[in-house]
Each structure stands twice: as C-alpha cells, then as structure tokens.
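The values are calculated or read from the model by the stated rules, or taken from the named source; none is laboratory data. These numbers were taken from a predicted model, which means no experiment stands behind them. Here the Cβ positions follow ideal geometry from the backbone for every residue, glycine too, while neighbour counts run over all protein chains shown. Quick note on the areas: whole protein, heavy atoms, side chains included, nothing else; ligands and nucleic acids left out. Shrake-Rupley method; radii C 1.70, N 1.55, O 1.52, S 1.80 Å.
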Amino acid sequence: MEHYYFWADHQSLDESKLPEYLSILGAGEQGRSYEVCIASRLALTAIAAGDLTINEDTPDSWKAHLESLGFTNVLHSST
C-alpha cells in the first residue's frame, strides 16, 4: 500500500471526525477544497481491525471511499 494524495471539496468538513488514516495537508482558496492524504500504515491498521473495507488499493477505490465520506470533485494528485 502506498500513500495517495487527492484534492477534494467538502461543504462542512470537521477534521476532528475524520478517520486517523486521512490527513488534511492544505486547503484551497475557498476554504472548501482540501488536499487529502491517505496514510497507508494507518489505513492498513484500520483494515486489519475491520474498521475499513477497501476492495482494491487503487486511486479509484480511495476516491470512492472519500466520496462516501462526503467529499466531492475528488481528483487524484501525483504529489
């Protein structure tokens, strides 16, 4: 598993309610666009504990997961 980075929008993000494996690295100009990092080691721990189900470790699977958490306009970033 590797780290994945995305840019995504969220209308009312409460960072305190995000799972540990998601990190917000920065916010865009509007305050609703965020750079999100999937922390692989923490994600693996969540998968092992049964707290996270990801069918494949791919950008598309993580994009779908972010969308299930309320993120929109999710774009994979190579950074």
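Assorted remarks:
- In segment 5-30, the qualifying residues are those that are surrounded by 14 or more Cβ atoms within 10 Å (Cβ to Cβ) and either among the basic types (Lys, Arg) or touching a Cys at 6+ places or on another chain (Cβ under 7 Å) (or both), and the one that is farthest from SER78 (Cα to Cα) is SER23.
- Of the numbered criteria (1) open to solvent by less than 20 Å² (accessible area, probe 1.4 Å); (2) touching a Lys or Arg at 6+ places or on another chain (Cβ under 9 Å), the one ALA43 fails is (2).
- Matching entry among THR72, THR58 (being touching an Asp or Glu at 6+ places or on another chain (Cβ under 8 Å), open to solvent by less than 90 Å² (accessible area, probe 1.4 Å) and hydroxyl-bearing (Ser, Thr, Tyr)): THR72
- Residue under evaluation HIS65, criteria (1) loosely packed, with under 13 Cβ neighbours inside 10 Å; (2) under 9 Å from the mean Cα position of the chain (by Cα), criterion not met: (1)
- Segment 31-40 - residue that is among the hydroxyl-bearing types (Ser, Thr, Tyr) and within 16 Å of VAL74 (Cα to Cα) and, of those, surrounded by the most Cβ atoms within 10 Å (Cβ to Cβ): TYR34
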